[in-house]
Amino acid sequence: MNQPKASSHRLPITRRHALYPMLVLYALVGLIFGPIGRQVSEDMPESKTHPYFPDHIWPYPILAMAVLVGLGLMALIGQPLLASGQPADPRAAIIPLPEWYFLALFQFGKLGPALISKMLVPAVLVLGLILWPLLDSGLGPGIARRLGWREWPAPKRNVITGTIWIAGLAIIATLTLWSALAPQLCIPWPYNGPACGA
């Protein structure tokens, strides 16, 4: 019997071959990550470049090990905190406390009327954080002209926005510490009434 000769212009691995997906993946990896076109490093002098291995590789395993050791130490030290406590008793009178990252908002909510301190101010703060880059770039140059500056300073050198951010962080830290360390401490505001926000 005569067997047909394999054509020389045809690939031995067709689409139905088991190795075809691996070959396609290998080709795609080469196309995506391979050196196509002119590289930035070709224009740089040899003294300004450094090799990928080991210069870029060595910090990452060290950082990963530091994270793993830190998590292990936190788990070891935090075992008493993770231990189960008393069973839940629905008849017990407890003062509910949120997680630590909501303590400042929880304490701020006790300082005034619910509409203002629990709804209006947090909504304004969230909108302010979302719109901050637009406000900084839009209102900043106008403020600089009014103050007689040539231009609005760069973010790292901007005294106004830096002061606002530091004051905001100080307020959040104060409210968090107040709620965590002395939640019963009360500042009698005129609009709180006799309950003092409790």
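Quick notes on this one:
- In this rough spin-label picture, where each label sits 7 Å from Cα along the Cβ direction, the residue 75-residue 124 distance is 4.6 nm.
- Theoretical gain in end-to-end length, residue 13 to residue 134 [0.36 nm per residue, Cα-Cα removed]: 37.9 nm
- Taken per residue, the accessible surface of the stretch 25-135 reaches 89 Å², heavy atoms only and a 1.4 Å probe.
- Residue 147/residue 49 FRET efficiency (R0 35 Å; Cβ-Cβ; nearest 0.05): 0.20
- Paramagnetic label zone (point 7 Å from Cα along Cα-to-C-beta, residue 180; backbone N under 16 Å) in the stretch 84-99: 97-99
- Computed over protein heavy atoms with a 1.4 Å probe, the carbon and sulfur contribution to the accessible area of the stretch 100-187 reaches 76%.
The values are calculated or read from the model by the stated rules, or taken from the named source; none is laboratory data. Just so it is clear, the structure is predicted and the values come from calculations on it, not from any experiment. All Cβ positions, glycine included, derive from the backbone under ideal geometry; neighbour counts span all protein chains shown. Areas reflect the complete protein model, heavy atoms only, side chains present, ligands, DNA and RNA absent. Shrake-Rupley method; radii C 1.70, N 1.55, O 1.52, S 1.80 Å.
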